[in-house]
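Bear in mind that the values in this text are calculations on the coordinates, not laboratory data. None of these values were measured; they are calculated from a predicted model. Note: ideal-geometry Cβ built from the backbone for every residue, glycine included; neighbour counts use all protein chains shown.
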Amino acid sequence: MKAKDLMTPIEEYLAPEMSLCAAVTRMRGLKRIHGLPIKGMLVKNEQDKVVGMVSIKDILRAVIPTYLSPDLSIFSWDNMLEQMSNRASDKVVGDVMVRELVTIAGEVPLMVCTDLMIKKGLQRLPVTDENDEIIGMVYIRDIFNLVAKYIEKGGREHGTC
């Protein structure tokens, strides 16, 4: 099986000038086939070129500074979280997006794709065609679901499932 065989075509994109508020609303409103909200989206500029990707982790990084320690119990974290989130709503997608994308060609075997995702800690991996244009996305959840089917099938055959 190849990356292109499991990928999901990309239909929706964010724009670099879009506010984080609009991006969050769009991401929460879009659902994948399993019914859960999208956790990351590609970003296209006005020239219709993919210029980055935004994930829920990128948005959380924009809200919660890495220098803050949860051990500092003197702060009211709930109040701080609300204040920091309100300030982040003024940011735009281009401020928080990842610009250096890791991609994989559609013809690459799914085993190589999976290995890359595990080694780099990726949840989603853009898939490119022969012209290096992004045509879809492979999601770690979809790979897991495929592997799970094989594990369950083997378990039933061996009486362990």
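Descriptive notes on the structure:
- Both radii were evaluated on the Cα set of the stretch 87-161; the Rg over Rh quotient, with Rh as the Kirkwood radius, amounts to 1.15.
- Loop-exposed chymotrypsin sites (Phe, Trp or Tyr not before Pro) per DSSP, neighbour cap 12 Cβ within 10 angstrom, longest uninterrupted part of the chain: 76-161
- When the pairs 44/120; 2/149; 91/120; 44/119 are compared against a 20 Å limit on Cα-Cα distance, 44/120; 91/120; 44/119 fall above it.
- Relative contact order of the chain, pairs being alpha-carbon contacts under 8 Å that are 6 or more residues apart, as %: 29 percent
- Taken as entire DSSP H runs, the helices of the chain that both span 24 Å or more between Cα atoms along their own long axis and average -1.0 or more on the Kyte-Doolittle scale are 140-158.
- Per-residue extension of 0.36 nm, minus the Cα-Cα distance of residue 100 and residue 160, leaves a gain of 17.3 nm for this segment.
- Exposed loop sites, defined as GluC sites (Glu not before Pro) outside DSSP H, G, I, E and B with at most 13 other Cβ atoms within 10 Å, are absent from the longest region of the chain, namely 47-99.
- With semi-axes defined as the square roots of five times the eigenvalues of the C-alpha gyration tensor, the equivalent ellipsoid of the chain measures 32, 23, 14 Å, largest first.
- In the chain, helices alone account for a calculated mean residue ellipticity at 222 nm of -12500 deg cm²/dmol, with every DSSP H run of four or more residues adding -39,500 (n - 2.57).
- In sequence order, the stretch 36-51 has phi-based couplings of 8, x, 6, 9, x, 9, 6, 10, 10, 8, 5, 8, 6, 9, 5, 10 Hz under the Karplus curve 6.51 cos²θ - 1.76 cosθ + 1.60, θ = phi - 60°, and Gly or Pro positions carry x.
- In this Cβ point-charge picture (+1 for Lys and Arg, -1 for Asp and Glu), the stretch 120-161 has a dipole of about 400 debye about its Cα centre.
- Full extension of the chain between residue 140 and residue 80 gives 18.3 nm of extra length, using 0.36 nm per residue less the Cα-Cα distance.
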